[in-house]
Amino acid sequence: MKQRKMPFRADHEITQGFNDGTATIYEVQDGAEPGRQPKPVLKEKVAVRFGELKLGINRIYMSRQAQAEVERLIRVPVVNVSPQDVAVTGDGRQYRISTIQKAYVFPPSLDLALTKIEQTMEVLPK
């Protein structure tokens with residue numbers, strides 16, 4: 001008996017394209033001198049291509065219950081990200097990654113729910 005695949009697709013057939021733009025994922029670090037008030041700065045982790053997804057009504061209501069307004073939903077290839085990281089899209093806007101969910105598509109992907117950051121953070125040079 002042949003094992004069922006999720007989602008139904010032929011072998012090695014790509015079901016997800018990442019053609020909507022690029023995003024850079026940053027790690028938030030403390031850039032202040034020792035003994036001073038913490039100053040969040042961004043250190044680059046990885047640059048990825050993403051696909052834009054439609055924000056469903058259930059996700060909108062769940063984010064409002066958690067008092068976080070999800071503004072965008074993007075799908076990226078599997079990379080090392082955490083909810084404490086910041087995503088900067090190609091237009092220069094900074095977003096906090098509020099939730100990360102695994103997507104059952106090929107190639108393996110993650111859905112990132114993004115909330116807008118009110119005060120932009122400084123980016124450390126490479």
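The values are calculated or read from the model by the stated rules, or taken from the named source; none is laboratory data. These figures come from a predicted structure and were not determined experimentally. Backbone-built Cβ (ideal geometry, glycine too); neighbour counts: all protein chains shown. Just the protein is used for accessible areas: all its heavy atoms, side chains included, with ligands, DNA and RNA removed. Shrake-Rupley method; radii C 1.70, N 1.55, O 1.52, S 1.80 Å.
Points worth noting:
- Residues being within 23 Å of ASP30 (Cα to Cα), open to solvent by less than 10 Å² (accessible area, probe 1.4 Å) and in contact (Cβ under 8 Å) with a residue 60 or more places away in the chain - total across the range 98-124: 0
- When PHE106 is tested against the conditions (1) in contact with a Lys or Arg (Cβ under 7 Å, 6 or more places away or on another chain); (2) assigned to a strand (DSSP E or B), the lone failure is (2).
- Scan of the range 73-97 for residues that are open to solvent by 30 Å² or more (accessible area, probe 1.4 Å), under 22 Å from ILE57 (Cα atoms) and touching a Leu at 6+ places or on another chain (Cβ under 8 Å), ordered by number: ARG75, ARG96
- When the strands (runs of 3 or more DSSP E) confined to the range 8-93 are screened for residues that are among the hydroxyl-bearing types (Ser, Thr, Tyr) and in contact (Cβ under 8 Å) with a residue 40 or more places away in the chain, those reaching at least 3 such residues are found at 21-30.
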